[in-house]
Each structure stands twice: as structure tokens, then as C-alpha cells.
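J.: Below you will find the structure I want to go over with you.
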Amino acid sequence: MITPQYREKKSLLQENWPPKWFLTYADLATLTMTFFIVLATMLALNIPLSVLADKKMQKLIAEEAKKLEEVTMLTEREKKVLKELQDLEVEQIESIIQLEKLKAFAEEIRRYIKINKLEDFISVEEGKWKVKIVPLVPFLFAKGKAVLNPEAEVFLDKIAEFLKKYPSYIKIEGHTDNIPIKNPLFPSNWELSIARANSVLRYFLEKHKIPIERIEAIGYGEYRPKFPNDTEENRAKNRRVVLEISPLMGKDFPNKQKQPS
């Protein structure tokens, strides 16, 4: 049985429905849906997404948001939510634009490799915020050595030409197989991997004058194999130096100081 008190509460709810914030959130939901419809349409039509990140466009969005605040008389909490949604949309747009640029950068590397007939020597791997150039054969160094082979210098010269044309941040990774090494120069595979990465770094710095703030070297030893160390062929593939390249596309693009999670 419905009590009079319950009927009164239900009546009060009906009288105050919808609440002030309801229309605001309904508008935001509609705007969000419209944003993704426009985004999907632009991708389908291959329209540059940079249009959405244009300063004029962002100013227009801010002006419309301000009008919405004035019309609906938002509370402080609602204003904060609106601001967070706006920031999220801009951040999403910028991330998509950066990923598009990275994809174009990877294609540029592949084109350069093809023009210079390097397809038999290296492969290109795309990550979320970087591109990796991976040698397909261990031709940079002799087994157990950290001195660059003459053919390695020819290869690095071609890569350096590309890096000069397209400014990038370069991380050089040294890797080895799991066969233990112990001599006066290299007490372990870890030291050998670092020495190899440093040899490539020094070559780029000294011969090609790549700015030192754009380059670093790191050694992983045997601990990040690309293939199981169960055959001589696989161990040879694991003895490698990988160039991880992040294109420098402006202050907002991920680089040495800032990497998106």
C-alpha cells in the first residue's frame, strides 16, 4: 500500500524534474556524440585531423562553452566537469594527430630504405610513439667485438642522412645473445651491449655531428632477446643494435622529456 508520505515525495520529484544540471549533461552527451561522428567522418573522407586542433577551432569551442555556462548557470562542480571534458577532447584530438604524424614518419623511413636499397639489411617496426630500425643481420660488429665493421659505417652514414633531414630523438639499444662472455674488455654480455651501443652513438656524434641532446645509448645484454636463443641463427639475430627513433614534431610531441603512458 502506498502511503501518503511516499505519494508526497513522488510528487515533489515530479515537480522538480528535470533538475538544472540534467539539461547541461544532456547537451554535453549530444556534443560528445557529435564530436565522434565528425571524427569518424573525417577519417572516412581522409580529411586532415589537424583542422580540429587549429587555434581558431579551439577558440570557437571555448566561446561556445562559455555561452553554455552563461545560459545554463552551471554550478562550480558542473563547470569543472565541463572543463575536464573539453580538455579531454583536445587531448584526444592531439594524440590522434601525433599518431598520424608518426605513421607518416614511418612511411618516410620505409621509402628512404627502399630508395637506398637497404630492405635486405633492416626492418622498420612501429610502436605507439616511436619507430624502430632493426638490423636483419648482425653486420655492425664482429662476434664478441664492439668496434664497428667497415660495412656498418656505410649503413650508419645512410641512416644519419635521414636523421639530419628529419630531426628525431634517437635511443640506441645494444643487445647480445646468451652465450657468456668474459675477457678483460667485457666482463659480461651487459658490458658488451653497452659498448656496442656507445660505438654507434660516438659515430653519430663525431662524424655526423648529431646534437648530443638528441641521442642516448643503453645496453640490455642478453635480457631482451627477440628470438629464443636455441639455434645459432636465432642467437645471431639477437646480437643486434636497434635504433629507436621518436620524431621531433613540436613541443607537444612525445620526446625525451615527455612520453605518454
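The values are calculated or read from the model by the stated rules, or taken from the named source; none is laboratory data. Computed from a predicted model, the values in this text were never measured in an experiment. Please note: Cβ atoms are built from the backbone with ideal geometry, for glycine as well, and neighbour counts cover all protein chains shown.
J.: Being in contact (Cβ under 8 Å) with a residue 12 or more places away in the chain and among the basic types (Lys, Arg) is the filter; apply it to segment 138-192 and report the residue that is surrounded by the most Cβ atoms within 10 Å (Cβ to Cβ).
T.: Of everything passing the filter in segment 138-192, Lys171 is surrounded by the most Cβ atoms within 10 Å (Cβ to Cβ).
J.: If I filter segment 126-138 down to residues being in contact with an Asp or Glu (Cβ under 9 Å, 6 or more places away or on another chain) and under 19 Å from Lys171 (Cα atoms), which single residue comes out as modelled with the lowest pLDDT?
T.: Among residues in segment 126-138 that are in contact with an Asp or Glu (Cβ under 9 Å, 6 or more places away or on another chain) and under 19 Å from Lys171 (Cα atoms), the one modelled with the lowest pLDDT is Leu136.
J.: Would you please list the contacts, defined by Cβ atoms under 8 Å and residues six or more apart or on different chains, that run from a residue in segment 124-136 that is more than 16 Å from Lys237 (Cβ to Cβ) and assigned by TED's automatic domain parsing to the domain that holds Gln98 to a residue that is among the aliphatic types (A, V, I, L, M) and crowded, with 18+ Cβ neighbours inside 10 Å?
T.: From residues that are more than 16 Å from Lys237 (Cβ to Cβ) and assigned by TED's automatic domain parsing to the domain that holds Gln98, there are no pairs.
J.: Let me ask something else. Taking segment 99-112 as the region of interest, how many residues are in contact (Cβ under 8 Å) with a residue 12 or more places away in the chain and either touching a Phe, Trp or Tyr at 6+ places or on another chain (Cβ under 9 Å) or farther than 16 Å from Leu163 by Cβ (or both)?
T.: 9
J.: Could you please give the count of residues in segment 105-124 that are outside any helix (DSSP H, G or I) and among the charged types (D, E, K, R)?
T.: Number of matching residues: 3.
J.: A further question follows. Assuming Lys114 fulfils every condition listed in (1) over 17 Å from the mean Cα position of the chain (by Cα); (2) under 24 Å from Lys207 (Cβ atoms); (3) modelled with pLDDT of 85 or more apart from one, which condition is it?
T.: Checking Lys114 against (1) over 17 Å from the mean Cα position of the chain (by Cα); (2) under 24 Å from Lys207 (Cβ atoms); (3) modelled with pLDDT of 85 or more, the one that fails is (2).
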